[in-house]
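The values are calculated or read from the model by the stated rules, or taken from the named source; none is laboratory data. Just so we're clear, the structure is a prediction, and the values are computed from it rather than from any experiment. Neighbour counts run over all protein chains shown; Cβ positions are idealised from the backbone, glycine included.
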Amino acid sequence: MESRQPRTLKDPTALVDRHRRLDEPHVAPLNNLVRIIRQRLGPTAIVPYFDPADGGVEARILWLLEAPGPKATTERGGSGLISCDNNDGAAENTWRTRTEAGVSRVEVVHWNVIPYYLGTDTKIRAWRSGDVADAGPMLAELVALLPQLRSVILGGKAAREGWGNHRPPSTQAREFPCPHPSVTNVNTRPDVWPLVVSAWRAAAEWAATPSQ
């Protein structure tokens with residue numbers, strides 16, 4: 001279901017409702033994958049859930065960024081979800097560019113090429129190529145759960161590197177690279193916003209075409 005404005009998960013009531021829906025049929029397989037990854041990585045791993053307000057396993061577009069920020073993790077005071085409704089600037093920019101492009105969120109699933117939080121209790125750290133190499137094989141596990149996938153939007157260098165090196169050979173999804181929609185990028189590079197909106201539009205147009 002579409003939210004009327006960004007950052008809606010700063011509302012505790014909305015957040016409780018979203019977590020209550022984590023095992024709805026369309027998203028349960030994805031969140032089971034999250035639990036598997038958590039178990040595999042051990043008790044210190046912080047891996048946010050997929051947002052049940054998105055398309056889940058029925059999604060035709062994968063929006064792929066780099067790694068969860070603090071506002072995506074309950075352990076760092078955030079939502080515990082990878083969501084365009086999170087209370088941070090990159091999530092807000094994701095929400096606004098998608099809505100400007102006219103793309104319904106039920107067509108989309110949001111994720112990160114590195115699905116777990118990088119950093120300490122007090123500070124996130126920048127991703128490294130080794131992080132992408134370690135996490136890249138998990139992309140195949142995700143894509144295997146997305147039978148309708150047609151388009152992958154690669155937001156930023158980490159997503160491009162991860163998908164380029166670990167793209168599942170079985171997928172026919174087309175790639176749509178764009179800059180990362182971080183606050184810094186959007187505020188300092190005038191070209192970023194239209195490039196991200198354009199990627200959304202192109203990905204949606206391709207996703208709507210009949211598969212071969």
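Of the residues making up the range 60-111, those that are closer than 17 Å to Thr8 by Cβ, among the hydrophobic types (A, V, I, L, M, F, W, C) and either part of a helix (DSSP H, G or I) or at pLDDT below 95 (or both) are Ala72, Ala90, Ala91, Trp95, Val106. Please indicate, with yes or no, whether at least one residue in the range 169-177 is out of contact with any Gly (no Cβ under 8 Å at 6 or more places or on another chain), in contact (Cβ under 8 Å) with a residue 40 or more places away in the chain and not in a loop (DSSP other than H, G, I, E, B). So far as the range 169-177 goes, no, none of its residues is out of contact with any Gly (no Cβ under 8 Å at 6 or more places or on another chain), in contact (Cβ under 8 Å) with a residue 40 or more places away in the chain and not in a loop (DSSP other than H, G, I, E, B). Counting only residues that are surrounded by fewer than 21 Cβ atoms within 10 Å (Cβ to Cβ) and part of a strand (DSSP E or B), which one in the range 112-155 is modelled with the highest pLDDT? Out of the qualifying residues, it is Gly119.
Each residue in the range 182-212 was checked for being closer than 15 Å to Thr97 by Cβ and in contact with a strand residue (DSSP E or B) (Cβ under 6 Å, 6 or more places away or on another chain), and 5 of them qualify. Just name the residue that is nearest to the chain's Cα centre (by Cα) out of those in the range 1-18 that are farther than 21 Å from Ser104 by Cα and either in contact (Cβ under 8 Å) with a residue 24 or more places away in the chain or assigned to a loop (DSSP other than H, G, I, E, B) (or both). Ranking the qualifying residues of the range 1-18, first place goes to Lys10.
Select, from Val34, Val57, Val27, Val47, the only residue that is over 16 Å from Arg105 (Cα atoms) and at pLDDT 95 or above. Give the derivation first.
Working: Val57 fails: over 16 Å from Arg105 (Cα atoms); Val27 fails: over 16 Å from Arg105 (Cα atoms); Val47 fails: at pLDDT 95 or above.
Being over 16 Å from Arg105 (Cα atoms) and at pLDDT 95 or above holds for just one of Val34, Val57, Val27, Val47, which is Val34.
From the list Ala158, Ala203, the one residue that fits, being in contact with a helix residue (DSSP H, G or I) (Cβ under 9 Å, 6 or more places away or on another chain) and under 13 Å from Leu65 (Cβ atoms), is Ala158.
For the range 25-39, the count of residues that are out of contact with any Leu (no Cβ under 8 Å at 6 or more places or on another chain), assigned to a loop (DSSP other than H, G, I, E, B) and buried (at least 19 other Cβ atoms within 10 Å of the Cβ) is at least one.
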